[in-house]
Amino acid sequence: MADANVQALGEGDAEPVGGIQPSGRRGGIAAYAPIDRTRSGGSRRVRRRSLGLPDGGAEANFARITETIEPDLGEVDPGIGASNADSAPDPDYRAVRSGRGSDVTGRDRIELGLLGAIWGASFLFMRVAAPEWGPVALIEVRLVVAAAMLLGILRARGQLSELRGHWPKLFVLGAINSAIPFSLYAYATLTLPAGFTSVLNATTPLFGALVGWVWLGERLSLRRCLGLLLGFAGVVLLVSPKLHGGGERLAILAGLSAALGYGISAHYTRRKLAGVAPLAIATGSLVAASLLLLPLAAIFWPKVWPSWHASAYAIVLGVLCTGVGYLFYFRLLSRLGAARTMTVTYLIPVFGFLWGAIFLREVVTWPVIAGGVLILGGILIVLRSPSLPAKPGAGT
């Protein structure tokens, strides 16, 4: 869903306990630093869970970023936070830290549904606009529009200073979480139906768990291995009817590569951009992605200006699917916590199929339905399974 703009936040109770003390406030969010503490009967390690926040991108990116959240807590990074030990966490920050959040209200349910509908619609808009714009030019328009919108919001909130000193990492994140995956999905929609592509995008949590195992040395529980096997079996069932055509094979490879990019970006952001405000990460990575893609967009810019409706779809991709989608996601994350907010992951392919069937008359076949069910079942198992501690020295 989507772009892996990730904010690593502390995990724990509402008040500082267990060896964690507030060390400062950054952008309205209290920062926490670790304190070694041993107790009789053994030692207690203070740990933290990192929360990933999407891109507009695949759209599911923010969702996808939270999709890669580990059920257990990650190690607390030293040195996060400023001084001012008197500061305390905001209530919304506590909700994000705990992953539990407040009780779900009717408004929250509506916004979750709207977010799933918005991010599911991104594949419809790309499917319609990409043939006239071309994949690269379309995504450049989307990135520029979304970056301009979020820059204005970031400035209004007085958080532009959060970008200082992080640009090299934001350029890396912008490439692997926005510029490359967005372009790959736009290329895939030239050949594949919108609903089909949205299911490929839903494999991001599976790739996130796989990347954590290969790159960071995270050990997989038996249950999580079962989830991965089930999910990738669904991928095989989903794509097998389309492997006879060369164009479709390349499109499927592009879609799965984009999902892999989201899986990598989520882990990268957790490790490299911990302590940076989520909106600043989202904005900075989109700005960086638009600059990275600009030379290619100039080369592949359409010789004939696209029709008004294709132009409108490109703008809607930036404003609605990326900008507004991010704002919905941030609010829900602060209100409900990560566990509840990431249920949007299951809504995106549903709406992807729905919009494709209604507006493009796409036919949903039984292999697609069966493959999608297996993929979502595998995701459910992966997200609800505890991960084991990483091997010492892994991922360094």
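Things worth noting here:
- Inter-label distance, nm, simple model (7 Å from Cα along the C-beta direction), I369/A148: 4.4 nm
- Evaluated at q = 0.15, 0.17, 0.21 Å⁻¹, a Debye calculation over the C-alpha positions of region 263-325 (equal weights, vacuum) places log10 I(q)/I(0) at -0.67, -0.81, -1.03.
- Other-chain or far-sequence residues with amide H under 5 Å of R219's (modelled H): L388, A390, K391
- Chymotrypsin sites (Phe, Trp or Tyr not before Pro) restricted to region 154-216 and DSSP loop, no more than 16 other C-beta within 10 Å: W215
- From most to least packed by mean Cβ count within 10 Å, the peptides 117-124, 106-113, 329-336 give 117-124, 329-336, 106-113.
- Low-density loop cleavage sites - trypsin sites (Lys or Arg not before Pro) in region 230-314, where at most 13 other Cβ are within 10 Å (DSSP): K303
- Extension gain, A156-R361: 0.36 nm per intervening residue step, less the Cα-Cα distance, totals 69.6 nm.
Every number in this text was worked out from the coordinates using simple rules, so none of it is lab data. Given the structure is predicted, the values throughout are model-derived calculations rather than measurements. We place every Cβ from the backbone using ideal geometry, glycine too, and count neighbours over all the protein chains shown.
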